[in-house]
Structures are given as C-alpha cells and as structure tokens.
1. If you average 1/r over all unlike Cα pairs in the chain and invert the result, what Kirkwood radius do you get in angstrom?
2. Enumerate the aspartates and glutamates that Lys152 could reach by cross-link, defined here as Cα to Cα under 13 Å, with residues fewer than 8 away along the same chain left out.
3. Within straight cross-link reach of Lys16, meaning Cα distance under 30 Å, which lysines are found once same-chain residues fewer than 8 apart are removed?
4. Which whole-number percentage describes the relative contact order of the stretch 12-166, with Cα contacts under 8 Å and a sequence gap of 6 or more?
5. Can you run phi through the Karplus equation (6.51, -1.76, 1.60; θ = phi - 60°) for the stretch 58-74 and list ³J(HN,Hα) in whole Hz, with x for Gly and Pro?
6. Which of the listed residues, Val107, Ser150, Gly43, is farthest toward the dipole's positive end in the stretch 12-166, when Lys, Arg count +1 and Asp, Glu count -1 at the beta-carbon?
7. Would you please give the residues with an amide H less than 5 Å from that of Ile69, counting only those at least 5 places away or on a separate chain, with H modeled from the backbone geometry?
8. Please build a GNM for the chain, connecting alpha carbons under 10 Å apart, and tell me which residue among Leu86, Leu32, Leu71 fluctuates the most.
Amino acid sequence: MAIRKIVERGDPILAKVCRPVTDFNARLHTLLDDMAETLEESGGVGLAAPQVGILRRLCIVEDSEGELIELINPEIVAYEGEQTGLEGCLSIPGRYGIVTRPYKVRVRAQDRYGITFEVEDEDLTARCFCHEIEHLDGHLFTEHCDHLLSDKEMEEYLREQEEENRE
C-alpha cells in the first residue's frame, strides 16, 4: 500500500467526469487500498478517485462506526430529509462552507469484486456519500455554498454549534 498525493483545487482533473470501472482486478484493489491508507493519513472521512488523480467512478467513505465503505460505480437511488452544516474537502485544505444536503441517503454500488449492493446511512455519512459521488461528476462542495468561511466566521459558527449542543 502507498499514500497517494491528494489533488488540490485548481487542478483540472477535479472538474472532469469519471469513467465507469469495468475491470475488478488487482490494480483496482491496490488503488482502493492506497486510497484507504491515504484517507487514514489525511484524517478525512471520504475520498474519491479523482482526488488522487484517477478518473474512475469510485470512492471510499468512513461511516459513523469507523468502517470503510468502498463504492464503485455508485449512484444515489433514494434520499430524504435535509441537513445543513459545515463541509470541507481534502482537495481544499483548511477551508469550509455551509452546505445543505439530504439527511438520509441510499446508494447502489459495486464492491471491489464487482458485486452490486446497496447501503443507506444518515447524517455525516449521508453527507459524505453525496460529497464523494459529486467528485465523480467533476463537482466540488463549493458549488453548494455562498462562500468559504473566513477564520472569524468559522470560529463563530463552531461557537454557535457548541451552544446549541449544550441546550
């Protein structure tokens, strides 16, 4: 396994549509393993193939229990509710915005062996499903927010969230 370089905003690869995965082979498994190691090293909760320079429809998401979900050729098949909250991206380090996403999301995908499955989750994991799948179509979370928060706005937002959680 190896840690791969994360592509940052400004690189044209992040604006491209990825091609479907058709070969479920050792090369794919190595990529998934490398992405898992890269994600762990970065401290993030999701990573899409274009973020490591690969234009293929696959991403990984860490769920609320710390389990890694590999999504190959994923598509959102159902969603419900709404959540608005802080969102960031490993390709835009240290910058965050306020984004509204579905609260609950169901995804159909294939695993590393090509077997189709569905997974459903809510809250942060649902947010990650949406965020990472959008990367596969050349989109960034910044398209969903008015602006990226300044340091002062970020401090204020976190303080407000802390107060809400105490109530």
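1. On the way: mean 1/r = 0.0610 Å⁻¹.
Across the chain, the inverse of the average 1/r is 16.4 Å.
2. Glu160
3. The qualifying lysines are Lys5, Lys104.
4. Once divided by the residue count of the stretch 12-166, the mean separation gives 24 percent.
5. Running phi through 6.51 cos²θ - 1.76 cosθ + 1.60 with θ = phi - 60° gives 8, 8, 10, 9, 8, 7, 5, 9, x, 7, 8, 10, 8, 10, 10, 6, x Hz.
6. Val107
7. Amide H to amide H, under 5 Å and 5 or more residues apart or across chains, Ile69 pairs with Val61, Glu62, Asp63.
8. Maximum fluctuation in the GNM of the chain, among the listed residues, is at Leu86.
No value in this document is a laboratory result; all are computed from the given coordinates. Every value quoted in this text rests on a predicted model; they were computed, and no experiment measured them. Reconstructed Cβ throughout: ideal geometry from the backbone, glycine too, with neighbour counts over all protein chains shown.
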